[in-house]
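K.L.:
Can you read through this structure? Questions will come right after.
The values are calculated or read from the model by the stated rules, or taken from the named source; none is laboratory data. What you are looking at is a predicted structure, and each value in this text was computed from that prediction instead of being measured. Don't worry about glycine lacking a Cβ; one is built from the backbone with ideal geometry, like all the others, and counts go over all protein chains shown.
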Amino acid sequence: MNKLMLIAIAIFGFAFAYFANAAVIKGGIVIPTYAEPCKRNDKNFSGCIKNTLQNLLPKFSNGIPELNISALDPFFLDEYLLHYDAGDISGKCLYKNVYTSGLMGVKITDVRSDVSDPDYFEMEIDFYFPKVISTGNYKAEGIIGNFPVQGKGIFNVTAFNVTGTTHLIGHGVEIDGEKHIKISDFRLKEQEIGDLKIFATNLINGNPELSQMALTFMNQFWRIFHQLMLPNIQEGFEKVGRPFINQLFLQIPYDQLLPPNRK
């Protein structure tokens with residue numbers, strides 16, 4: 001059940017798709033202008049992206065209908081199947097109707113980038129979330145420590161003081177005669193959580209006493225479980241996040257997404 005953090009952490013990456021900050025026209029679609037675009041070959045490009053991300057994210061809390069991108073806060077995930085095997089934690093869990101809130105409280109703490117070459121894109125973004133809450137339904141079977149888990153119910157996971165770094169690498173591709181960037185690598189490079197509170201009903205199917213024991217065990221030792229599961233968290237971040245980022249990048253030509261400085 002600690003794997004519920006995979007859902008929350010994976011969704012964190014979605015917010016960082018939104019540095020398409022100028023009006024963009026592609027196939028008759030117009031994206032509203034909220035700020036002057038950052039020129040990719042300016043000396044202070046990374047600082048510009050950092051400030052623009054921080055200022056624009058609240059404006060996109062309801063999504064971007066023109067690009068069929070859903071709301072970010074709360075973010076909705078209809079279904080996600082997770083398989084995991086991390087020694088003391090193994091099994092599988094199906095999450096459904098997951099809502100994650102608190103994403104618009106993000107603080108962008110630093111940006112590092114290499115974007116001057118239109119055939120290569122690399123960026124690291126450091127972030128901080130004061131509080132993120134994920135709720136939904138689950139169905140799980142497996143083992144947590146010495147507890148066999150087989151149940152289904154509702155869950156609520158609250159993470160406090162989440163910090164991390166997301167790392168994007170992409171390469172130029174041509175679509176309809178125009179250069180775009182396709183993200184080939186989207187990683188959660190680092191991630192730490194200050195505190196974590198987990199609630200779930202019916203962990204041990206039909207046995208409320210054992211369910212409470214398993215829940216207490218998870219809350220007491222969540223830091224150990226988190227470290228064991230970090231590789232799976234990173235894998236899920238890539239699996240869920242990269243298609244979402246490309247949904248934006250492959251619709252907007254690179255010279256409009258991050259225009260060069262023509263001066």
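K.L.:
Take residue 174 and tell me if it is at pLDDT 90 or above and more than 18 Å from residue 100 (Cβ to Cβ). Steps first, please.
P.N.:
On the way: at pLDDT 90 or above: yes; more than 18 Å from residue 100 (Cβ to Cβ): yes.
Yes; evaluated as a whole, the condition is true for this residue.
K.L.:
Given (1) surrounded by fewer than 18 Cβ atoms within 10 Å (Cβ to Cβ); (2) part of a loop (DSSP other than H, G, I, E, B); (3) at pLDDT below 80, where does residue 59 come up short, assuming only one miss?
P.N.:
Unmet for residue 59, out of (1) surrounded by fewer than 18 Cβ atoms within 10 Å (Cβ to Cβ); (2) part of a loop (DSSP other than H, G, I, E, B); (3) at pLDDT below 80: (2).
K.L.:
Considering each residue of the range 188-214, count those that are without any contact (Cβ under 8 Å) to a residue 24 or more places away in the chain and not in a loop (DSSP other than H, G, I, E, B), and give that number.
P.N.:
Within the range 188-214, residues that are without any contact (Cβ under 8 Å) to a residue 24 or more places away in the chain and not in a loop (DSSP other than H, G, I, E, B) number 3.
K.L.:
Pull up the range 62-91, narrow it to residues that are aliphatic (A, V, I, L, M) and under 19 Å from residue 244 (Cβ atoms), then point me to the one that is modelled with the lowest pLDDT. Before the answer, list the steps.
P.N.:
Within the range 62-91, the first condition is being aliphatic (A, V, I, L, M), and the residues that meet it are 64, 67, 69, 71-72, 77, 81-82, 86, 89.
Now restrict to residues that are under 19 Å from residue 244 (Cβ atoms): 64, 67, 69, 71-72, 77, 81-82.
Values: 64: 64, 67: 57, 69: 63, 71: 71, 72: 71, 77: 81, 81: 80, 82: 77.
The residue in question is 67.
K.L.:
Name the residues in the range 100-121 that are surrounded by 15 or more Cβ atoms within 10 Å (Cβ to Cβ) and in contact with a Gly (Cβ under 8 Å, 6 or more places away or on another chain), would you?
P.N.:
Listed by number, the residues that qualify are 111, 118, 121.
K.L.:
Inspect all residues belonging to the range 171-178 and state whether any of them is under 19 Å from residue 199 (Cβ atoms) and touching a Leu at 6+ places or on another chain (Cβ under 8 Å). Please lay out each step first, then the result.
P.N.:
Kept after step one, since they are under 19 Å from residue 199 (Cβ atoms), are these residues of the range 171-178: none.
Checked against the condition, which is being under 19 Å from residue 199 (Cβ atoms) and touching a Leu at 6+ places or on another chain (Cβ under 8 Å), the range 171-178 yields no hits at all.
K.L.:
Sort out which residues of the range 239-258 are of a type outside the set (Phe, Trp, Tyr), assigned to a helix (DSSP H, G or I) and touching a Gly at 6+ places or on another chain (Cβ under 9 Å), and write them in order of number.
P.N.:
Answer for the range 239-258, where residues must be of a type outside the set (Phe, Trp, Tyr), assigned to a helix (DSSP H, G or I) and touching a Gly at 6+ places or on another chain (Cβ under 9 Å): 240, 241, 242, 245, 246.
K.L.:
Going through the range 77-109 one residue at a time, which ones are touching a Cys at 6+ places or on another chain (Cβ under 7 Å) and more than 18 Å from residue 159 (Cβ to Cβ)?
P.N.:
Hits for the range 77-109: nothing passes.
K.L.:
What pairs come out if I take residues in the range 91-107 that are over 24 Å from residue 125 (Cα atoms) and pair them with residues that are of a type in the set (Phe, Trp, Tyr) and at pLDDT 85 or above whose C-beta lies under 6 Å away, six or more apart or interchain?
P.N.:
The qualifying pairs are 93/138; 95/138.
K.L.:
Further, regarding this structure: Please enumerate the residues belonging to the range 147-166 that are under 22 Å from residue 131 (Cα atoms) and touching a Leu at 6+ places or on another chain (Cβ under 8 Å).
P.N.:
Going through the range 147-166, the residues under 22 Å from residue 131 (Cα atoms) turn out to be 154-166.
Correct list: 155, 157, 158, 159, 160, 164, 165, 166.
K.L.:
Does residue 94 satisfy being under 30 Å from residue 202 (Cβ atoms) and modelled with pLDDT of 85 or more?
P.N.:
Values: under 30 Å from residue 202 (Cβ atoms): yes; modelled with pLDDT of 85 or more: yes.
It is true that residue 94 is under 30 Å from residue 202 (Cβ atoms) and modelled with pLDDT of 85 or more.
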